[in-house]
1. Quick check on my filter: what residues within region 87-135 are more than 12 Å from the chain's Cα centre (by Cα) and among the charged types (D, E, K, R)?
2. Count, please, the residues in region 124-174 that happen to be open to solvent by 60 Å² or more (accessible area, probe 1.4 Å) and small (Gly, Ala, Ser).
3. How many residues does region 22-46 contain that are closer than 29 Å to Lys128 by Cα and either open to solvent by 80 Å² or more (accessible area, probe 1.4 Å) or in contact with a Gly (Cβ under 6 Å, 6 or more places away or on another chain) (or both)?
4. Those residues that are modelled with pLDDT of 85 or more, assigned to a helix (DSSP H, G or I) and among the hydrophobic types (A, V, I, L, M, F, W, C), I need them from region 21-58; list them, please.
5. Just one of Asp81, Asp68, Asp7, Asp14 is farther than 21 Å from Leu140 by Cα and in contact with a Lys or Arg (Cβ under 8 Å, 6 or more places away or on another chain); which is it?
6. Would you pick out the residues in region 69-78 that are surrounded by fewer than 19 Cβ atoms within 10 Å (Cβ to Cβ) and either at pLDDT below 95 or touching a strand residue (DSSP E or B) at 6+ places or on another chain (Cβ under 6 Å) (or both)?
7. State the number of residues belonging to region 104-124 that are of a type in the set (Val, Ile, Thr) and farther than 19 Å from Glu30 by Cα.
8. Quick one: is Phe50 farther than 18 Å from Phe110 by Cβ, open to solvent by 60 Å² or more (accessible area, probe 1.4 Å) and not polar (S, T, N, Q)?
Amino acid sequence: MDTNRIDFDAPLRDGRAVHIRNIHQSDEAELLQAFDRLSPTARYMRFMRFVKEPNLERLRKALASFPDSGTGIVATIPAADGIDIVGAAFFVLGGDASNCEFAVNVSAEFGGAGLGSTLLRTLIEAAKGRGLQEMEGFVLADNKSMLGLARRLGFSNERDPDDGGVRLCRLRLR
């Protein structure tokens, strides 16, 4: 896989398919729509706090930073207005540039279909392609589906020393 350019169709376990590609600055409106479709619980699981509205400045800064600061990908499906984003994932480079921190989000209607696994596997390959040595993510201890996915993909699962309600998932890439 070309780690700089991600662009492929992915079949899901339930027979549906999504298109996986690099995130673009032009995805801003669709990302905002995807945020609006998230339930309060899904927002809490993703952001580890209650978030009513997206931080537009932070979103724009993140979109402008890829690919220099990491890799961002989206899963899209056709929609009446063009596309809908039904999943997103990214990693950002750590301070020493040998590690990265990941995050994954999948819309409820695509949960359990293998999309989270596809997104995270794609990120892992992109991180390996960039020569990174370790990937880590902070996951709420209550987020059993994400913790299960991380375990199945080989991530360790440790208690965050600063917050007992958070697990630190790590994967050695080399």
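1. If the condition is that a residue be more than 12 Å from the chain's Cα centre (by Cα) and among the charged types (D, E, K, R), then Asp96, Glu109, Glu125, Lys128, Arg130, Glu134 are the ones that fit.
2. Result for region 124-174: 1.
3. Residues in region 22-46 being closer than 29 Å to Lys128 by Cα and either open to solvent by 80 Å² or more (accessible area, probe 1.4 Å) or in contact with a Gly (Cβ under 6 Å, 6 or more places away or on another chain) (or both): 4 in total.
4. Ala29, Leu31, Leu32, Ala34, Phe35, Leu56, listed by residue number.
5. Of Asp81, Asp68, Asp7, Asp14, the one residue that is farther than 21 Å from Leu140 by Cα and in contact with a Lys or Arg (Cβ under 8 Å, 6 or more places away or on another chain) is Asp7.
6. Ser69, Ile77 - these are the residues of region 69-78 that are surrounded by fewer than 19 Cβ atoms within 10 Å (Cβ to Cβ) and either at pLDDT below 95 or touching a strand residue (DSSP E or B) at 6+ places or on another chain (Cβ under 6 Å) (or both).
7. 3
8. So Phe50 passes the test.
The values are calculated or read from the model by the stated rules, or taken from the named source; none is laboratory data. A quick note: this is a predicted structure, and the numbers were derived from the prediction, not measured. Methodologically, a virtual Cβ is constructed for each residue, glycine included, from the backbone with ideal geometry; neighbour enumeration extends over all protein chains shown. Protein only, heavy atoms only, side chains kept; ligands, DNA and RNA dropped before computing areas. Shrake-Rupley method; radii C 1.70, N 1.55, O 1.52, S 1.80 Å.
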